[in-house]
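Notes follow once the structure below has been shown.
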Amino acid sequence: MPAPEPRRRRPNLRQGVIILPSAFTLGNLFFGMYAMVAASRGDFVWAGWFIIFAGILDMLDGRVARFTRTGSAFGAELDSLVDAISFGVAPAFIMYEIFFHDAESWSWTLSYAFVVAAVVRLARFNVDQGGEAKRHFVGLPSTSAGMALASYYPFSQTPFFDIWLSDWPWDRIMATSMVLLAVLMVSQVPYAKVPRIGFRTWKLRAMTVWILTLLFLAVTIPRYYFFSALSIYIVWGLLKSVLLGFLDRLPDRDPLEDEDEDGEDDDHPDYVRDIDYTEIHARHRGSPSTPPRRTE
């Protein structure tokens, strides 16, 4: 008897799996656009939340692509273009509408500088990423920078802000913050990634509990949580880099090339993962490809 033919996946199912990560990415774009619409109508609270929603989808699309093994160069490029809008243009527009709209000066160029830094950072990320395991970001992620700006206004509507912080010169503070965030995005300062969770080791279990605690705070007190947590993340990364340099305790090897505990490549929130760029470039040149270099 002839051997039975192996069962093949249904084409429609396979196509549905492939477009699933892009659906998350386009959802990210939807919220980025809606944030600008809300800001143009003066609804800055919801404009901020829409950027947060975009950030959540930006974190999920990469994990969905990695889980379904549907990462592609197209998905990476699409994600970068969408991130430039959702975490570059949209937060800068929100800041313009809040602080610079009525100013008869060149203060709007602060929004321009922020967008330029976000675009340059995303372009540099696409060029530098080569399928290697990396534990840190090079420079502040545009997602974190954009969400930090967007979450300011919801935080400013809290009773704590009204009592203790409302008298501060926030127009100058946020203008300075935009410049600082722009510089950090194009800098070489290493920023920690979202840690891997699991139950295989005590360290992974402790990290899982920590992440679940942060998620609980994000759900229960979002107006306090997002701006405060993102500000701490940004300042801590900068201070840690400065402190390590001041104490001359920078590691001998590149801290951006490492391997996580279970020996797997750490996935990247900016949607680039499991992509063999060496093979892609070789195909365009018409030469045989070589296996991508992996950090062991």
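The values are calculated or read from the model by the stated rules, or taken from the named source; none is laboratory data. Quick caveat: nothing in here was measured; it's all calculated off a predicted structure. Backbone-built Cβ (ideal geometry, glycine too); neighbour counts: all protein chains shown.
When every residue of segment 203-224 is checked against the conditions, at least one turns out to be assigned to a helix (DSSP H, G or I), buried (at least 16 other Cβ atoms within 10 Å of the Cβ), at pLDDT 95 or above and among the aromatic types (Phe, Trp, Tyr).
With respect to residue 39, is the statement that it is part of a helix (DSSP H, G or I) and either at pLDDT 80 or above or farther than 19 Å from residue 144 by Cβ (or both) true? Working first, answer last.
On the way: part of a helix (DSSP H, G or I): yes; either at pLDDT 80 or above or farther than 19 Å from residue 144 by Cβ (or both): yes.
Yes, satisfied.
If you check residue 75 against the conditions, is it touching a Pro at 6+ places or on another chain (Cβ under 7 Å), touching a residue at least 12 places away in the same chain (Cβ under 8 Å) and buried (at least 21 other Cβ atoms within 10 Å of the Cβ)? Answer is yes for this residue.
Can you name every residue in segment 167-189 that is outside any helix (DSSP H, G or I) and at pLDDT 90 or above? Across segment 167-189, the qualifying residues are 167, 168, 169, 186, 187, 189.
Residue check: is residue 239 modelled with pLDDT of 90 or more, in contact with a helix residue (DSSP H, G or I) (Cβ under 9 Å, 6 or more places away or on another chain) and of a type in the set (A, V, I, L, M, F, W, C)? Step through it out loud before you land on a result.
Details: modelled with pLDDT of 90 or more: yes; in contact with a helix residue (DSSP H, G or I) (Cβ under 9 Å, 6 or more places away or on another chain): no; of a type in the set (A, V, I, L, M, F, W, C): yes.
So residue 239 fails the test.
Hey, any hits in segment 90-102 for a residue that's under 15 Å from the mean Cα position of the chain (by Cα) and at pLDDT 95 or above? Taking every residue of segment 90-102 in turn, at least one turns out to be under 15 Å from the mean Cα position of the chain (by Cα) and at pLDDT 95 or above.
Considering segment 103-135, and only residues there that are outside any helix (DSSP H, G or I) and of a type in the set (Phe, Trp, Tyr), the residue that is modelled with the lowest pLDDT turns out to be 106.
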